[in-house]
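Trainee: Please find one structure pasted underneath; my questions will follow.
Each value in this text was obtained by applying a stated rule to the coordinates, not by laboratory testing. All of these numbers come straight from a predicted model, not from anything done at the bench. Here the Cβ positions follow ideal geometry from the backbone for every residue, glycine too, while neighbour counts run over all protein chains shown.
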Amino acid sequence: MVTDMTKGNPTEIILKFAFPFLVGNLFQQLYNIVDSVVVGKFIGKDALAAVGSSFMLMNFFSFVIIGLCMGASTVYSHFFGEKDYSNLRKSIFISFLSIGLFTIILSVLITLNIESMLLLIKTPIAILNDSKNYLRIIFGGLIFVFLYNGSSALLRAIGDSKTPLYFLIIATIVNIILDLVFVNIFHLGISGVALATIIAQGISSILCLIYAIVKIPIIRITPKDLIFDKAIALMIGKYSLLTSIQQSIMTFGMVCVQGIVNTFGADTIAAFTIAGKIDSIAYLPVQDFGNAFSTYIAQNKGAKNISRIHEGVRSAVGSILIFCLIFSTLILVNSKKLMKIFVNANEVNVINLGVEYLSIISVFYILIGFLFMFYGFFRGIGALNTSVILTIISLGTRVILAYTLSSIPQLGQRGIWWAVPLGWFFADIVGFIIYKRNKHELL
């Protein structure tokens, strides 16, 4: 279903478009959570720490690919908003060819250097082999990350946020079943969890790609669209590269933070892994609202509907306030119960460390909510350099403060936790100033 976001009530249309994003990402998080629950409950705390230590590296390289796809989707949205379907199809051909080749090369290079990267982030020797085995399988399937995110970004750019959700639900169900089968029946350990993940990703990516090719006539590439148009290629290169840099900076910052966390031992790594998954689910609504908001902004920018863009900004502020108040309260009240889902009740230290993290972070979800709004706005209007600047401020501040505060004996790992909302805060201040001073010139 194609959605024209240049018409209708902004709040209603953004929320309606964001909802499948949210459900889809909840399912994505669900199979990440199932991985952690299966590992934590059936394999053990050290295996969970191995997955957690690997997770940030996995995310870093996945988000390089996801960022490239997100940047290309902004170009798709502009051409769709202009009703220029010929250039839309050319941009699809160029982006899929270039990003696909890049993904294959990246997958090979990473696989050859996994141990060095794990040692660089101070992965404890006790969990090094499990981490290597897990990541070799995961990065062997990196092409599926591209195929799914490339296809889903294309569909979402033209207003179809539901179809990627359906295929992701299928993948989640497959992943859960295979996790249990590979670990409990075939006793494949952490390698079984990784195999379940890439098989599920493969299914969702292939189904999404086939649907896009077969079912949407306006994006179906014909021989005359197989042109490497230099202007379009440069446009895609600009958007994709800057968005990928933004996403990479975000995850590289997390890799740096993971390196600090790793120095505190397996309990802290396990707690950080679990609490981070809970945390990421809690702010999914505002993250997905920001992604939907970006598509809304891009389509209206393409249609030159400036007043509607400002109307959308006002509606976004109200929606984010409501989302963040609800989820801050839920996480704050239920943090201990949520931690116990992942580990056995006798892992008291892991649970307490996770509760400590969530009790600090959850109070400040409003800050990450507004940051996602700024990301969506600046990406949608094409000011990707501003999004990159905000990301550098957020993650740079977080990493510097995490190193500094965690070295204070009285704070320890709590210094890492406090660095998170402080990074959000400083980036929000800068984003607000840039928007207020330049909102008319930017458009």
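Trainee: Just to check I understand the Karplus step: with θ = phi - 60° and J = 6.51 cos²θ - 1.76 cosθ + 1.60, what whole-Hz values come out for segment 244-258, glycine and proline as x?
Mentor: 5, 4, 4, 5, 5, 4, 4, 6, 5, x, 5, 4, 4, 5, 4
Trainee: Further question on the same structure: When you count, for each residue, the other Cβ atoms within 10 Å and take the mean per peptide, how do 418-424, 211-217 rank with the highest first?
Mentor: Packing proxy ranking, top to bottom: 418-424, 211-217.
Trainee: What ranking do L101, L353 get, fewest neighbouring Cβ atoms within 10 angstrom at the top? Could you put the intermediate results ahead of the total?
Mentor: Working: L101 11, L353 24.
Listing L101, L353 from fewest to most nearby Cβ atoms yields L101, L353.
Trainee: Quick one: of K162/K215; K83/K215; K132/K238, which pairs are farther than 23 Å apart, Cα to Cα?
Mentor: Result: K132/K238 exceed 23 Å.
Trainee: While we're on this one: Only counting other Cβ atoms within 10 Å, I'd like H78, H310, H187 sorted with the fewest neighbours first.
Mentor: Details: H78 23, H310 14, H187 10.
Ascending number of Cβ neighbours within 10 Å: H187, H310, H78.
Trainee: Run the numbers for Y166 and S280: contour at 0.36 nm per residue of separation, minus the present Cα-Cα distance, in nm.
Mentor: Numbers: separation 114, 0.36 × 114 = 41.04 nm, distance 2.12 nm.
Stretched fully, the Y166-S280 segment lengthens by 38.9 nm.
Trainee: Could you give the semi-axes, largest first, of the ellipsoid that matches segment 1-84, computed as the square roots of 5 times the alpha carbon gyration tensor eigenvalues and rounded to whole Å?
Mentor: 37, 17, 8
Trainee: How much length is gained if the chain between I326 and K224 is pulled fully straight, taking 0.36 nm per residue apart and subtracting their Cα-Cα distance, in nm to one decimal?
Mentor: 31.6 nm
Trainee: Give me the extension gain from I185 to Y403: residue separation times 0.36 nm, minus the current Cα-Cα distance, reported in nm with one decimal.
Mentor: Contour length minus Cα-Cα distance gives 74.2 nm.
Trainee: With θ set to phi - 60°, apply the Karplus curve 6.51 cos²θ - 1.76 cosθ + 1.60 along segment 195-204 and write out the HN-Hα couplings as whole Hz, x wherever there is a Gly or Pro.
Mentor: Along segment 195-204, the couplings run 4, 4, 5, 6, 5, 5, 4, x, 4, 5 Hz.
Trainee: What is the order of T74, T172, T6, T123, fewest Cβ neighbours within 10 Å to most?
Mentor: Going from least to most buried by this count: T6, T172, T123, T74.
Trainee: What number does the chain give for Rg over Rh if you use C-alpha atoms and the Kirkwood radius?
Mentor: For the chain, the value is 0.96.
Trainee: Can I ask one more? Using the beta-carbon distance between R437 and N9 and R0 = 30 Å, what value does 1/(1 + (r/R0)^6) give for FRET efficiency, to the nearest 0.05? It would help to have the intermediate numbers written out before the result.
Mentor: Details: r = 29 Å, r/R0 = 0.96.
Calculated value: 0.55.
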